[in-house]
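Colleague: Have a look at this one.
The values are calculated or read from the model by the stated rules, or taken from the named source; none is laboratory data. Owing to the predicted nature of the structure, the values given are computational and were not obtained by experimental measurement. Don't worry about glycine lacking a Cβ; one is built from the backbone with ideal geometry, like all the others, and counts go over all protein chains shown. All accessible areas refer to the heavy atoms of the entire protein, side chains included, with ligands and DNA or RNA removed. Shrake-Rupley method; radii C 1.70, N 1.55, O 1.52, S 1.80 Å.
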Amino acid sequence: MQVDVLITANNADELFFTGKTTVVIDVLRASSSIVTALSNGAREIVPVDTIEFAMKVSGTTMDSGVLLAGERNAKKIDGFALGNSPLEFTEEVVSGKSIVLFTTNGTKSMVKAKFSENLVTGCFNNISAIVNYLANLGNDVVLFCAGTDGRLSLEDCACAGMIIEGLKADKELTLDDAGNASYCMYKKYADNIGQMMRESRHGQRLIELGNADDLDVCSAVDTSENIPVFSNGNFKLKR
């Protein structure tokens, strides 16, 4: 199995993903929020790559079951029902709802990878489920780290490295350079994912904004067995 890692969305072209099996990783916080929302009963998550399109999508329906959610520069967008903290996506708030989600890094990457044959999103919360899904498919894999503002994110690369570690258990892997680097990052922080999160640039930004609790949620390993699968413009749980 060939495993390639993209450490940011900078040089990724939409057509590159055609026919590929792709895992988009945005640990802080889009992937974690999507896993949480769907695990708590959300009907679907519609990722979008602009705020304007989010508003357009939500404005085409009078359905009260549609929620606008998202952040810009880690802050909740004015007028949106929800931000991008997984703690906001409780069962009481999201059960049965469709959520149109915009985030600065994660959803843009998800939209960019939309031509993948198999597109899922993963994080520490559902990492064993992602590993099992990829191992069962047996395809070559692209681990697409969303990064932060076009720069490498420590937590995304470490998560990619942890997926590689899991796949190594029963697959013979060939890694590109970014895959080897991500694996090394994970091994450095394997015993303390939470501390790694606090040392990361984006983690420190969230702490400054008063969202330190998000780091605890997003660093928790295997709290969910659910896999968000992209099809027809939205993420739903794998059946």
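Colleague: So which of K112/K187; K56/K238; K20/K187; K56/K108 end up more than 23 Å apart by C-alpha?
Modeller: Table pairs above 23 Å Cα-Cα are K112/K187; K56/K238; K20/K187.
Colleague: Moving on to the next point. Would you calculate a helix-derived [θ] at 222 nm for the chain, using -39,500 (n - 2.57) for each DSSP H run of n ≥ 4 and dividing by the full residue count, to the nearest 500?
Modeller: -11000 deg cm²/dmol
Colleague: Lysines near K188 by alpha-carbon distance under 19 Å, same-chain residues fewer than 8 away left out - which ones?
Modeller: K168
Colleague: Of all the accessible heavy-atom surface of the stretch 127-239, with the other protein chains kept in place and a 1.4 Å probe, what percent is carbon and sulfur?
Modeller: 42
Colleague: Is the C-alpha gyration tensor of the stretch 99-204 telling us rounded, prolate or oblate? Criteria: a/c under 1.5 is rounded; beyond that, a/b larger than b/c is prolate, otherwise oblate.
Modeller: oblate
Colleague: Rounded if a/c is under 1.5, else prolate if a/b is larger than b/c, else oblate: which is the stretch 39-117, with a ≥ b ≥ c the root eigenvalues of its Cα gyration tensor?
Modeller: rounded
Colleague: Okay, moving on. Kindly write out, for the stretch 67-84 in residue order, the coupling ³J(HN,Hα) from the Karplus curve 6.51 cos²θ - 1.76 cosθ + 1.60 (θ = phi - 60°), rounded to whole Hz, with x marking Gly and Pro.
Modeller: 10, 8, 9, x, 9, 10, 6, 6, 10, 4, 7, 3, x, 7, 5, 9, x, 10
Colleague: A further question follows. May I ask you to give the solvent-accessible area per residue for the chain, in square angstrom, as obtained with a 1.4 angstrom probe?
Modeller: Per-residue accessible area for the chain comes out at 44 Å².
Colleague: Can you give the longest stretch of the chain with no exposed loop site, where a site means GluC sites (Glu not before Pro) in a DSSP loop (not H, G, I, E or B) with at most 16 other C-beta atoms within 10 Å?
Modeller: Counting only loop sites that pass the neighbour cut-off, the longest clear stretch is 1-116.
Colleague: Let me ask something additional. At a 1.4 Å probe, what is the % contribution of carbon and sulfur to the accessible area of the stretch 1-90?
Modeller: Answer for the stretch 1-90 is 52 percent, counting heavy atoms of protein chains only.
Colleague: Radius of gyration and Dmax for the chain's Cα atoms, expressed in Å?
Modeller: According to the Cα coordinates of the chain, Rg and Dmax are 16.3, 51 Å.
Colleague: Still on this structure, please answer the following. For I51, I25, what's the largest-to-smallest order of accessible area, 1.4 Å probe?
Modeller: If we order I51, I25 from most to least accessible, we get I51, I25.
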